Amino acid sequence: MKKAISSKIRPEGSKFECQDSFLEVSEPCERLVWPGREAQVAGESEPNVSPPSVKTDFDPSLEPESEDRSSATEAPRSEVPRRLEAGGWEGEIQWAYCSGEAMLTDPPRAFPPDTVLRGVVILLVLAALQRLIGFVRAVCFCQYLPAEELGKWEILFSFLNLAAPLFIFSLPGTFGRYAERYRRRGQLRSFLQQTALVCAGLTIVAGLAIFGTKDWLNRLLFGKASADQLLTLLPWTLASVIGVNYLTELFTALRNAWVSALLFFVNSVLFALVGIGCLALWRNDALAVTAAYGLANLLTAVLAFGRLRRNYVLLPPDSDRLPTGELWPRLLRFAFSVWIINLATNLFSIVDRYLIVHLASGDPDEALALVGQYHSGRLLPLLLLSILQMLGTMILPYMSADWEMGQTQRAGCRLRVSLKLLAPGMTALGAFVIICSPLLFHTALGDKFPEGQRILPGTLCYCIWFGLAMVAQNYLWCAEKTYLATLTLGIGLGTNICLNIWMVPRWGLPGVVMGTTLAHLVVLGMTLLAAGRLGFQTDKSLFILLLLPAGLFLGPIGAALLLLGVLLAGVFSGSLWSVEERKLLQEGWQRIGFRWAWFAERDRTTPRQEMLP
């Protein structure tokens, strides 16, 4: 953005002020002379501060003879006119002869924030592409890897997702809350330096701890199976994951969401290319996949660090050094709550795989092969879960806006409508996935994972329920009761462990799916109960619709018939939607209809406008 200082630079005493800006000359300037006796820098008067230099054409013959230059700094000579970097300097142009205009232009900002629309659009597009690439990559891994090696990779990947925030106490998770605060205070440099040093130190401690407990980790992760090479590679891979998480969380916190989305996308592409290449050209085991994952993270971290460095040098010096006694008590209190949430969420998501390793009948290799079968049965359901998580993230700002205006009942109504639409919609999509599943398991994977296809209805059911629980948690976020979300996940974790301890030895993989499905239903029910204690209103139709995913156990035809029967009964009885819900739906349809009518009207009138003389 440019602002004109004056139409021409006037000789002798043209006053100007530049704060973190540039003086730009649009046409060749023969000479600029700046006083060097005193300057205003960062609000403090400091003597003998030379102003920034300007590179411009100049002719000594044009200099006025009467000009006193005893305290002036001349602009150096150059062939091409350039802009004057005048960040923070205030003074007077003693003398200038210019045939062009002087403009004040804003300099490149450190970590320039995105607009909301741009960030959301880029995030959605890249997230969709990333999930598509991730699905293709997972299918290729299933083609190349034996079931046992696929199980090892699944266990190791789950451990990395758990350990990365665990070892560094979820410090990057606090950036979204505090990075902008210290940026506005002019202390972002100190904030980045201190958090980077602490995270690096904790990462080194984590690596040493892994090296020192390799035997114990071997038994924990893989039973009695030998995986020394994997555990040797594990600390380096963990360090790369922590580095990528730190940098992406930082860019997101500084409102550079498109950078984070692009980094995740690049990481997904690199992992797919390097991973498939290693499997095709090197070796078909979990070690190749782990090495590819670490290398992809390392390359992504290098790219992110380059972007960080280019922005970091643009940061102004800290106005005051950020005291550690002020930063860390506040940061650690918030980090602890994020750490607890991450721990509960990750443990709830991965505990079923570890219970298979330790409780399934047979030797450890057979148990790892079951984990591989389980992994294949979750490929398609995880896509549905990612859709629900994305939609839940999009719904939250609308609920938050209603909540901040004091319309808590409207926020609850918006959540009810969302759940009532998502539950049958995801159930129908799940039935369609079951119909199309032979294309994956028979055509793409060559009947290599029959158990995975057999458990697909159960994994679809509990992934849908978990996604709906994540959507329902939005009410807890709006009410600022995040500890209740953690509590519900903790109850679900305990339920999952207790049920699987009983079911896994008796029924193997189907028992795992059944126990995990019931645990996810408990989490959904407890989330609605907690929201109800905070004012969220439920009804019978909501509970009936939320139970529809269980119909997937009946097969695609049975689920479709059940879904159709429930919807028809609700429509004819008039009990499916309340009056407020109908009103909210009508408002939404009216907005859609208005926009469609506007586009249609514009398309209809455009030719007429072109025909006018």
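Brief remarks follow.
- Positions within segment 223-239 being modelled with pLDDT under 90 and open to solvent by less than 80 Å² (accessible area, probe 1.4 Å), in sequence order: GLY223, ALA225, ALA227, ASP228
- Only listed residue being closer than 26 Å to VAL433 by Cα and either out of contact with any strand residue (DSSP E or B) (no Cβ under 8 Å at 6 or more places or on another chain) or small (Gly, Ala, Ser) (or both), chosen from LEU509, LEU529: LEU509
- Residue match in segment 321-331 (condition: part of a helix (DSSP H, G or I), touching a helix residue (DSSP H, G or I) at 6+ places or on another chain (Cβ under 9 Å), open to solvent by 70 Å² or more (accessible area, probe 1.4 Å) and of a type outside the set (A, V, I, L, M, F, W, C)): yes
- Residues of segment 396-432 classified as in contact with a Leu (Cβ under 9 Å, 6 or more places away or on another chain), hydrophobic (A, V, I, L, M, F, W, C) and open to solvent by less than 30 Å² (accessible area, probe 1.4 Å), total: 8
- The set of residues in segment 444-467 that are touching a Gly at 6+ places or on another chain (Cβ under 9 Å) and either open to solvent by less than 10 Å² (accessible area, probe 1.4 Å) or not in a helix (DSSP H, G or I) (or both) comprises LEU445, PHE449, GLY452, ILE455, LEU456, GLY458, THR459, LEU460, CYS461, CYS463, ILE464, GLY467.
- Residue within segment 290-299 that is of a type in the set (Ser, Thr, Tyr), in contact (Cβ under 8 Å) with a residue 60 or more places away in the chain and surrounded by fewer than 19 Cβ atoms within 10 Å (Cβ to Cβ) present: no
- Condition check for LEU166 on (1) open to solvent by 50 Å² or more (accessible area, probe 1.4 Å); (2) over 24 Å from the mean Cα position of the chain (by Cα); (3) modelled with pLDDT of 90 or more: one failure, at (2).
- Hey, PHE336 part of a helix (DSSP H, G or I), modelled with pLDDT of 90 or more and in contact with a Gly (Cβ under 6 Å, 6 or more places away or on another chain) or not: no
Conditions tested, residue by residue: (1) at positive phi; (2) surrounded by fewer than 17 Cβ atoms within 10 Å (Cβ to Cβ); (3) assigned to a helix (DSSP H, G or I); (4) at pLDDT below 85.
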position: VAL522; (1), (2), (3), (4): no, no, yes, no
position: GLY535; (1), (2), (3), (4): yes, yes, no, no
position: LEU542; (1), (2), (3), (4): no, no, yes, no
position: LEU562; (1), (2), (3), (4): no, no, yes, no
position: ALA597; (1), (2), (3), (4): no, yes, yes, yes
position: ARG602; (1), (2), (3), (4): no, yes, yes, yes
position: GLN609; (1), (2), (3), (4): no, yes, yes, yes
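- Of all the residues in segment 266-289, those that are of a type outside the set (Val, Ile, Thr), buried (at least 19 other Cβ atoms within 10 Å of the Cβ) and in a helix (DSSP H, G or I) number 11.
- From the list LEU368, LEU379, LEU391, the lone residue that is within 25 Å of the chain's Cα centre (by Cα) and open to solvent by less than 20 Å² (accessible area, probe 1.4 Å) is LEU379.
- ALA200 meets each of the listed conditions (1) free of Cβ contacts under 8 Å to residues at least 40 places away in the same chain; (2) at positive phi apart from (2).
- Of all residues in segment 245-258, those satisfying the criterion of being open to solvent by 10 Å² or more (accessible area, probe 1.4 Å) and in a helix (DSSP H, G or I) are ASN245, TYR246, LEU247, GLU249, THR252, ALA253, ALA257, TRP258.
- Some residue of segment 372-393 being over 30 Å from PRO450 (Cα atoms), of a type in the set (Gly, Ala, Ser) and outside any helix (DSSP H, G or I): no
- Positions within segment 547-558 being out of contact with any Phe, Trp or Tyr (no Cβ under 8 Å at 6 or more places or on another chain) and open to solvent by less than 30 Å² (accessible area, probe 1.4 Å), in sequence order: LEU548, GLY551, LEU552, GLY555, GLY558
- Of all residues in segment 127-140, none that is within 16 Å of LEU391 (Cα to Cα) and of a type in the set (Ser, Thr, Tyr) has its Cβ atom under 6 Å from the Cβ atom of a residue that is modelled with pLDDT of 95 or more and in a helix (DSSP H, G or I), 6 or more apart or on another chain.
- Out of LEU528, LEU489, LEU509, sole residue that is in contact with an Asp or Glu (Cβ under 9 Å, 6 or more places away or on another chain) and part of a helix (DSSP H, G or I): LEU509
- In this structure, PRO172 does satisfy being more than 30 Å from LEU370 (Cβ to Cβ), assigned to a helix (DSSP H, G or I) and open to solvent by less than 30 Å² (accessible area, probe 1.4 Å).
The values are calculated or read from the model by the stated rules, or taken from the named source; none is laboratory data. In this text the structure is predicted, and so the values were computed from the model without any measurement. As a convention, Cβ positions derive from the backbone with ideal geometry for all residues, glycine included, and neighbour counts pool all protein chains shown. Heavy atoms of the whole protein, side chains included, go into the accessibility calculation; ligands, DNA and RNA do not. Shrake-Rupley method; radii C 1.70, N 1.55, O 1.52, S 1.80 Å.
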